[in-house]
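Structure first, commentary second.
The values are calculated or read from the model by the stated rules, or taken from the named source; none is laboratory data. In this text, all values refer to a predicted model and were calculated from it rather than measured experimentally. Positions of Cβ are backbone-derived with ideal geometry, glycine not excepted, and every protein chain shown enters the neighbour counts. Side chains included, ligands, DNA and RNA excluded: accessible areas come from the protein's heavy atoms. Shrake-Rupley method; radii C 1.70, N 1.55, O 1.52, S 1.80 Å.
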Amino acid sequence: MSTYAYDEDRHALMVFCETGAAHTASTITEMSSKVPSDQAQRLAHALTRFCIHAWRTYTHPASASEDQGENSEGWRRERHREAFAKAIDALTNPNLPTDGMLLQSYNPVEEAAHQVGRALHAASDPDLTARIVAEVREELAAVEQAELGDLTGRARQAVALTRA
């Protein structure tokens, strides 16, 4: 599962992936000086939380649940996985506070995507948003690839996870 960190020296966002044998690290983007450090840290935290929930759909697939009926554990897990289709829209159009109220999703994958979107909204940097959208697409593709049994490329981080 990808973990994100903010490199204070370079004002850059980094991603770390466990691959079984070691961790890999890469720079996602060096951020504009108009993005304050605290916003960069919140973004790194939100991205990590998003990945926790996205990869949980791999480690706890709906098919591993005995009950698949409506409102069952299997049914909920399937809804979590279906939220992948809403994630990119949540990054670019997050639920924002209105009149002191914030609409939050009960679906942890969808809500985590909205949290990333709110962090991007606060940063107000279109280039950063574009880079994070590409990063999230890549992470979701890795989960999907791992689900298909292909543990190459970024999906190889699945070898460090235990499936139900």
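So, by mean Cβ neighbours within 10 angstrom, what's the order for 132-144, 15-27 with the highest one leading? Working shown, then result.
On the way: 132-144: 18.9, 15-27: 13.3.
The peptides rank, most packed first, as 132-144, 15-27.
Only Lys, Arg, Asp and Glu count, each charged at its Cβ (+1, +1, -1, -1), so figure out the dipole size of the chain about its Cα centre, rounded to 20 debye.
100
How much accessible area does residue 1 have with a 1.4 Å probe, in Å² rounded to the nearest 10?
50
Alpha carbon centre of the stretch 51-69 versus the stretch 1-41: separation in Å?
Each part reduced to its Cα centre gives a spacing of 27 Å.
Give the value in nm², to one decimal: projected area of the alpha carbon convex hull of the stretch 21-164, averaged over all directions.
Working: hull surface 39.5 nm².
Averaged projected area of the stretch 21-164's Cα convex hull equals 9.9 nm².
Under a 1.4 Å probe, what is the accessible area of the stretch 1-158 per residue, stated in Å²?
Numbers: 8200 Å² over 158 residues.
Per residue, the stretch 1-158 has an accessible area of 52 Å².
Within the chain, what whole-number % of the accessible surface is contributed by carbon and sulfur, with the 1.4 Å probe and all protein chains included in the calculation?
Details: 4320 of 8680 Å².
In the chain, the share of accessible area belonging to carbon and sulfur is 50 percent.
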